[in-house]
Amino acid sequence: GRLKTAFMREYHVEQFCKYYGGDIILQNLTHYIISDYVIHLRNAGKSVAYTGMLVGALRTVINRGIRDGLVRFDIHPMAYYKEIKAEPHERDITVEEMRLIRDCQPPKKGEKRSRDIFMLSYYLGGTNLIDLLNHDFRKRDLFEYVRTKTKNRKSSNRVTSFSIPPEALPIIDKYMNPKTGLLDFRLTCKYETFMQVTTREIKHLAMKLGVKDWQKVSFYASRKSFVQHGF
């Protein structure tokens, strides 16, 4: 059910096949090939993080093949690959910058909508957009959900539950469909496009408001900022 993850896995494997010049049988993968691929990526100027994602996808496929009994290796293709951890990105913004976004009155409808979504996520503990869109808000006192991103990876303690703060209610009332309890932003595009549009508009709004390092502001910044401010 993790469609985005599946798509990224497929894309990363395609990138390797392009480098290799076509398909390759799993059994023919060697640590030499992986080493040359890593050197190729670094010479092409790919970042440490991106290189790790590409090679990590190959490792996932290889290990799945081993687990399912499709292939055996005397020397694992990743045996001599040492992953370099990328420096963590700072994605949070300050309390003052959050207030700037909260209190502004954007003239454009799209920016105002994206600001509302951004703040609603912040008020609700940094909840991801997909979980906001799937929640029935007719139960106004409690926000209870199973996080979409991890629901297939956890066997227990999957339910997140907390009281809805009063700051979130005006935004919920503004967009909630009273018949379904779902938020209705009157957009017909796919979720991925909606996410991209929301991030682009909140980033543009942050730039106009003079937020320092506005380039790092995205929808995800609401989650990181909530955690940092709470800490």
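Before moving on, here are some points about what is shown:
- Pairs where the first residue, in segment 1-28, is in a loop (DSSP other than H, G, I, E, B) and the second is open to solvent by 100 Å² or more (accessible area, probe 1.4 Å), C-beta under 9 Å, 6+ apart: 2/149; 2/153
- Among the conditions (1) out of contact with any Gly (no Cβ under 6 Å at 6 or more places or on another chain); (2) part of a helix (DSSP H, G or I), the only one that residue 201 does not satisfy is (1).
- Only residues that are in contact with a Pro (Cβ under 6 Å, 6 or more places away or on another chain) and either within 19 Å of residue 67 (Cα to Cα) or of a type in the set (Ser, Thr, Tyr) (or both) were counted across segment 31-45, and they come to 1.
- When residue 84 is tested against (1) modelled with pLDDT of 90 or more; (2) more than 27 Å from residue 199 (Cα to Cα); (3) within 25 Å of the chain's Cα centre (by Cα); (4) aliphatic (A, V, I, L, M), just one condition goes unmet, and that condition is (1).
- Exclusive hit being open to solvent by less than 40 Å² (accessible area, probe 1.4 Å), aromatic (Phe, Trp, Tyr) and farther than 30 Å from residue 168 by Cβ, set 37, 11: 37
- Within segment 157-176, tally of residues that are in a strand (DSSP E or B) and either over 18 Å from residue 144 (Cβ atoms) or touching a Lys or Arg at 6+ places or on another chain (Cβ under 7 Å) (or both): 1
- When we screen 206, 221 for residues that are open to solvent by less than 60 Å² (accessible area, probe 1.4 Å), modelled with pLDDT under 90 and in a helix (DSSP H, G or I), the only hit is 221.
- Cβ-Cβ under 7 Å pairs, at least 6 apart or on other chains, segment 162-177 side more than 15 Å from residue 136 (Cβ to Cβ), far side part of a helix (DSSP H, G or I) and open to solvent by 40 Å² or more (accessible area, probe 1.4 Å): 165/123; 167/123
- Annotation: residue 72 fulfils all but one of (1) loosely packed, with under 11 Cβ neighbours inside 10 Å; (2) within 30 Å of residue 193 (Cα to Cα); the unmet one is (2).
- Matching residues, segment 110-127, being assigned to a loop (DSSP other than H, G, I, E, B) and either closer than 12 Å to residue 198 by Cα or aliphatic (A, V, I, L, M) (or both): 124
- The residue that is most open to solvent (accessible area, probe 1.4 Å), among those in segment 177-195 that are more than 12 Å from residue 110 (Cβ to Cβ) and assigned to a helix (DSSP H, G or I), is 192.
The values are calculated or read from the model by the stated rules, or taken from the named source; none is laboratory data. These numbers come from a predicted model, not from an experiment. FYI the Cβ positions are ideal-geometry reconstructions off the backbone, even for glycines, and counts take in every protein chain you see. Note: areas computed on protein heavy atoms with side chains; ligands, DNA, RNA excluded. Shrake-Rupley method; radii C 1.70, N 1.55, O 1.52, S 1.80 Å.
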